[in-house]
Structures are given as C-alpha cells and as structure tokens.
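S.K.: The structure that follows is given in the form of structure tokens.
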Amino acid sequence: MKRNLKPETVAAGNGIATDETYGAVTPPIYLSSTFAFEGFERSGPYDYSRTANPSRALLADTIARLEGGSGAIITCSGMSAVDLLLSRLSADELVVAPHDCYGGTYRLLANRSERGHFSVSFVNQADETALAAAMEQYPALVLIETPSNPLMRVVDIERISKRAKDVGAKVAVDNTFLTPALQRPLSLGADYVIHSTTKYLNGHSDVVGGALVCAEASEVEEFASWANITGVTGAPFDSYLTLRGVRTLFPRMGRQQSNAKHIASYLNKHPQVSVVHYPGLPDHPGHRIAGRQQSGFGAMLSFELKGGVAAVRPFVEALSVFTLAESLGGVESLAAHPASMTHLGMGASAREAAGIGDGLLRLSIGVEAVNDLITDLEEGFGAIQDRTAA
C-alpha cells in the first residue's frame, strides 16, 4: 500500500494479501515470544516480541498511516500510551492539561506531579485568559482533549498548537473519541496523537490497548526504545484483534454517529433534561470549531438530568438496551455516570471545577436500531416519573 490511498482504504486493506509464505489474505498473527537469529551476531528484523513483533508492527503502521504520522508505538493500554508520552519530561518542566480531561489522565498527571516527575497546570483551554497565562509559564508539553471527556467541550487544535509552538512547547492530542476517521490532529499542528485503542479503533470491547503516534520519525524511535525498556508494548494477539477492529472503523463510526445525532436531538427536547453536551447540536458552544476541524461530530454525548443523582438511579436501573458500564466506543451502547464511575478518582472539588455534576450521564452510542435506543431512554425517563409519583 504505497499509493496515496484514502483513509477508508488504508483501514480496510493495509497489510492485506502480503503473506509471502502461504498467500494468506488476512495477515497472520505472530504469537511467538522469540525469533531465530539468522546466525551468530546476525539477528533478523525481529528477535523478541517485547521489542518488536510483526503483528504489532502492522497495527502501528496502519494507525500511523491513518493519522498521517511518521510512526506509532502500540502499548498495553491507553493510560500506558499517555505515560509513555510523559516519560521524557523532567522535574523542572511543566505540562498544561485540560481541567476537564478524562479522570484517568487527570489522576496520572496529578500523581506524577506529586512525585516530582514534572509540574502540571490544569487549565480551561477554551478560556483565552487562562490559556495565555499558562503559556507564559513556558510549558514543555500541552495536552489537548477535544471533545473532552465527559462534557464534550471543543477547543481549537490549530490555534492552541500555534501558541504552544511560539513558546517552544510540544502538543499532544487525545483523539480517542473521534479517531482519524473524524479528526486528524497532526494536520492541525500537533506533534503527537494519543489513543486508547480499547475504544473506537478496536470497537468491540474485547481488547485493552493504546497507541502513541508521532509526527517526527526520530521521536518514534526514541519512544519505541523506552517502551521496550519499560515493557509497556502491546501483546501480539491484542494487536491482531485491534487491527481486525480497525478494518470496520469507518462504517462503524458512520452508523454510530448517525444514531448519536438522532439521540442528541431527542434528548435536547426532553423536559427532564436540562442540557445536552453534543458538538453536533447547533447551539453547542464548540459547534463551529468542531465543524471546521472535524469531519463529523462523533458518537459520544452527555446530558444533565433534572433532579441530580436521585433521578440518575431509577433512570439507569430501567435501561435494558444501554448497559451501565465504563469504557466506550464499542458496537454496543453504554451509559456511564462520570461522578461515581470514570471520574470518581478526580475528587469532588476537581469535578466541581470541571463542571461534572452528579446528574450528568455519558452515553457511548452503538450500532443498534436507533428507535430501540430511544425507546430504552424513554423507559429510563418513565422510571424517574414513577419514582417521583411514588
């Protein structure tokens, strides 16, 4: 696949029919932990699977091509990909991160900072004054999450990247929610892209993994070396399954996004909902920026239930098509309560600062029939009314 192919073709076909041994159409999986040397002091392209593995290498190449990067490092989880990026920072350097980022990322940054590995400043990156003040501190790394998890806030990647470069900072974008099917941060000025491949790239809720994509080839080698040293590289079978998921990324995202659009519109008109957070809605604060830097609005949304946690309990207990669970991006629809699940570890004060209230629910929209999903949500709203009437 050397021609300038469309991303949909890369996702579906990278590595297909390249097996020179038996002519297998689907690339074979290499589960071997070790590989034979060609002779004394003559290793082949692979010697030990922690260092390099053909199955992992093909997944890395595919994701890097989709993102427009020079290469990628496949890790054992999304958080290990974030930590790999942070590994090059020193104690006197500063990370500027979103104040409303994913709870696991917040927890990692806060703990690393407390241990003196670097400093961190959590900033509302949509606030021009706050962002300017952060840049005046000459950060080494600016971490962007857009749309944010779970409030779907959108920030301008190109603008923030330019400001970061002006002060000598590198820029990393967590592209888990949109994937390269809907957003390509490197083309907007970012230096790195982070993925929890557990989510949309794999798409079937059966693998945990991560990826770090680099714009510069020299940095791919540097991070790959450190991933080998620390042993955070992804397993061959996980890589094989994730690549199988990537094959259907574009049609899955298309269906899920279509469903999300209908559900966001439905929720936006519901009397028991105070606000819907979905960039595809024209009244969303980030709608215009999202329309400019994204090729779609994605399949994640969140909404605030009137009545707070007292309304959340009967609502989620009445759901049967949506599953109450953490994670996202699979073909099945999931509902999560960030305050008690994904963002519990942030602590109450940090959640309050980020705007994550007790009545907030996050939905990961799957590929089911959209009418079944809406009917399921109606069951949830009906349960709130029944509880209130009782």
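The values are calculated or read from the model by the stated rules, or taken from the named source; none is laboratory data. Quick caveat: nothing in here was measured; it's all calculated off a predicted structure. Cβ sites come from the backbone with ideal geometry, for glycine too, and all protein chains shown count toward neighbours.
S.K.: Can you pull out every residue in region 259-295 that is within 19 Å of the chain's Cα centre (by Cα) and within 19 Å of Tyr200 (Cβ to Cβ)?
M.R.: Selection gives Ala260, His277, Tyr278, Pro279, Gly280, Ala290, Gln293, Gln294, Ser295.
S.K.: How many of the residues making up region 56-76 are crowded, with 19+ Cβ neighbours inside 10 Å and not in a helix (DSSP H, G or I)?
M.R.: Total satisfying the criteria: 6.
S.K.: Hey, among the residues in region 303-332 that are touching a residue at least 60 places away in the same chain (Cβ under 8 Å) and within 23 Å of Pro279 (Cα to Cα), which one's surrounded by the most Cβ atoms within 10 Å (Cβ to Cβ)?
M.R.: This residue is Gly329.
S.K.: Output the residues belonging to region 356-385 that are surrounded by fewer than 16 Cβ atoms within 10 Å (Cβ to Cβ) and over 27 Å from His204 (Cβ atoms).
M.R.: The answer is Glu378, Gly382, Gln385.
S.K.: Could you pull out the residue among Val155, Val171 that is assigned by TED's automatic domain parsing to the domain that holds Gln125, touching a strand residue (DSSP E or B) at 6+ places or on another chain (Cβ under 9 Å) and in contact (Cβ under 8 Å) with a residue 60 or more places away in the chain?
M.R.: Values: Val171 fails: in contact (Cβ under 8 Å) with a residue 60 or more places away in the chain.
When all the criteria are applied, what remains is Val155.
S.K.: Please enumerate the residues belonging to region 57-106 that are of a type in the set (S, T, N, Q) and within 14 Å of the chain's Cα centre (by Cα).
M.R.: Thr75, Ser77, Ser80, Thr105
S.K.: Oh, and also: Whether any residue in region 231-254 is modelled with pLDDT of 95 or more, in contact with a His (Cβ under 7 Å, 6 or more places away or on another chain), closer than 17 Å to Leu66 by Cβ and surrounded by 15 or more Cβ atoms within 10 Å (Cβ to Cβ) is what I want to check. Spell out how you get there, then give the answer.
M.R.: So the first thing to find is which residues in region 231-254 are modelled with pLDDT of 95 or more, and the list is 231-254.
Now restrict to residues that are in contact with a His (Cβ under 7 Å, 6 or more places away or on another chain): 245.
From what's left, closer than 17 Å to Leu66 by Cβ: 245.
Okay, now just the ones that are also surrounded by 15 or more Cβ atoms within 10 Å (Cβ to Cβ), so 245.
The answer is yes, given that some residue of region 231-254 is modelled with pLDDT of 95 or more, in contact with a His (Cβ under 7 Å, 6 or more places away or on another chain), closer than 17 Å to Leu66 by Cβ and surrounded by 15 or more Cβ atoms within 10 Å (Cβ to Cβ).
S.K.: Among the residues of region 187-209, write down those that are free of Cβ contacts under 8 Å to residues at least 60 places away in the same chain and either at positive phi or hydroxyl-bearing (Ser, Thr, Tyr) (or both).
M.R.: Within region 187-209, just Gly189 meets the criteria.
S.K.: Which condition breaks for Ser148 when tested against (1) over 20 Å from Leu301 (Cβ atoms); (2) crowded, with 18+ Cβ neighbours inside 10 Å; (3) of a type in the set (Gly, Ala, Ser)?
M.R.: Only one criterion is unmet by Ser148, namely (1).
S.K.: For region 203-310, which fully contained strands (runs of 3 or more DSSP E) count at least 2 residues that are in contact with a helix residue (DSSP H, G or I) (Cβ under 8 Å, 6 or more places away or on another chain) and under 16 Å from Met152 (Cβ atoms)? Break it down stepwise before answering.
M.R.: Working: elements: 210-214, 273-277, 300-305.
Where strands (runs of 3 or more DSSP E) fall fully within region 203-310 and carry at least 2 residues being in contact with a helix residue (DSSP H, G or I) (Cβ under 8 Å, 6 or more places away or on another chain) and under 16 Å from Met152 (Cβ atoms), they are 273-277, 300-305.
S.K.: Do we have Leu361 as in a strand (DSSP E or B) and at pLDDT 95 or above here? Reasoning before the result, please.
M.R.: Numbers: in a strand (DSSP E or B): yes; at pLDDT 95 or above: yes.
Spelling it out, Leu361 is indeed in a strand (DSSP E or B) and at pLDDT 95 or above.
S.K.: From (1) under 24 Å from the mean Cα position of the chain (by Cα); (2) in contact (Cβ under 8 Å) with a residue 60 or more places away in the chain; (3) closer than 20 Å to Tyr278 by Cα, pick out the condition that doesn't hold for Ile374.
M.R.: With respect to (1) under 24 Å from the mean Cα position of the chain (by Cα); (2) in contact (Cβ under 8 Å) with a residue 60 or more places away in the chain; (3) closer than 20 Å to Tyr278 by Cα, Ile374 is out only on (1).
S.K.: Determine which single condition Ser119 fails, assuming it passes every other condition in (1) crowded, with 24+ Cβ neighbours inside 10 Å; (2) among the hydroxyl-bearing types (Ser, Thr, Tyr); (3) in contact with a Ser or Thr (Cβ under 8 Å, 6 or more places away or on another chain).
M.R.: All conditions pass for Ser119, except number (1).
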